[in-house]
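Working notes, beginning with the structure itself.
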2 protein chains.
Amino acid sequence: MKQDLKKRYAAQAAVIKAMAHPTRLLILNSLKKRETCVCELRDLVGDDISTVSKHLLVLKNAGLVAARREGNWLHYRLTCPCVLEFAACVGGLKGKNV
Amino acid sequence: MKQDLKKRYAAQAAVIKAMAHPTRLLILNSLKKRETCVCELRDLVGDDISTVSKHLLVLKNAGLVAARREGNWLHYRLTCPCVLEFAACVGGLKGKNV
DNA sequence: CATCTATTTGGCTATTTGGCAAAATAGAAC
DNA sequence: GTTCTATTTTGCCAAATAGCCAAATAGATG
């Protein structure tokens, strides 16, 4: 495997890995509609707010979301709505885990 | 989060998770061209063959690949070529990890 | 300044993952 | 049947992950 190819796949895998969690998919799909503050996402997800915050960090580090402060609230938004299109394709698969 | 929605996201996440590894992305992209036997994939990837076999198991469990025996060789093939389209989208992202 | 509110960070534990090497298996060939 | 070859499975270990709670932080407001 060539080195630059390796790097490119590693970069892609990092983003895909950030998406590879039910809660984070829920968050991404929710943000598709409109930007949302963390506390609202916590209500939607139902986990501890620190857990939600960590999920958002993962998404932010992958470049999938960005935040905007408005008073006390941080509003998160999708940076790349296209990433969700492929979820529909994935939905049709029939695997042992699925 | 409603229960059925939760399940749907868990199912999607399982497939995405299976894709979320550089070696597995390499394998998937290689299989896009044509079906390939394990030993050939081992040469391409460069890891131990048991490692490659495990990656293939992950992909198989997710429903992303399937195998066909021909003599001593097992030929793996993509079951859902569409899953690779979104990698191009992901490639454009600029994150801390990417 | 102190205080309140929204969010992040750190610490902890349990679980999962990726890799190699050795042993086991499945089918082909003798 | 035995043997050979391709592949999978098992065992082990180090590293990464997800979750909660408690503590820390950043702005807003008094």
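Points worth noting:
- Calculated [222 nm] ellipticity per residue, helices only, for chain B: -18000 deg cm²/dmol; basis is -39500 (n - 2.57) per DSSP H run with n ≥ 4, divided by all residues, nearest 500.
- Free-standing Cys, the protein assembly as shown [no other Cys Cβ under 4.7 Å]: A:Cys37, A:Cys39, A:Cys80, B:Cys37, B:Cys39, B:Cys80
- For the protein assembly as shown, convex hull volume per residue from C-alpha positions, Å³: 117 Å³
- Taking label points 7 Å from Cα along the Cα-to-Cβ direction, B:Arg34 and A:Arg34 give a separation of 5.4 nm.
- Helix axis angle, A:49-61 relative to chain A longest principal axis, alpha carbon, degrees: 50 degrees
- Solvent-accessible area lost in complex, 40 Å² minimum, residues of region A:16-51 relative to chain alone, 1.4 Å: A:Ile16, A:Ala20, A:Pro22, A:Leu25, A:Leu26
- Where B meets A: accessible area buried, both sides, 1.4 Å probe, Å²: 3400 Å²
- Computed across region B:3-91, the Kirkwood hydrodynamic radius from all distinct Cα-Cα pairs reaches 13.6 Å.
- For region A:3-91, the solvent-accessible area with a 1.4 angstrom probe is 50 square angstrom per residue.
- Within the accessible area of chain A (1.4 Å probe), percent carbon and sulfur: 51 percent
The values are calculated or read from the model by the stated rules, or taken from the named source; none is laboratory data. In this text, all values refer to a predicted model and were calculated from it rather than measured experimentally. Don't worry about glycine lacking a Cβ; one is built from the backbone with ideal geometry, like all the others, and counts go over all protein chains shown. For the accessible areas, the whole protein counts, side chains as well, though only heavy atoms, and no ligand, DNA or RNA atoms are used. Shrake-Rupley method; radii C 1.70, N 1.55, O 1.52, S 1.80 Å.
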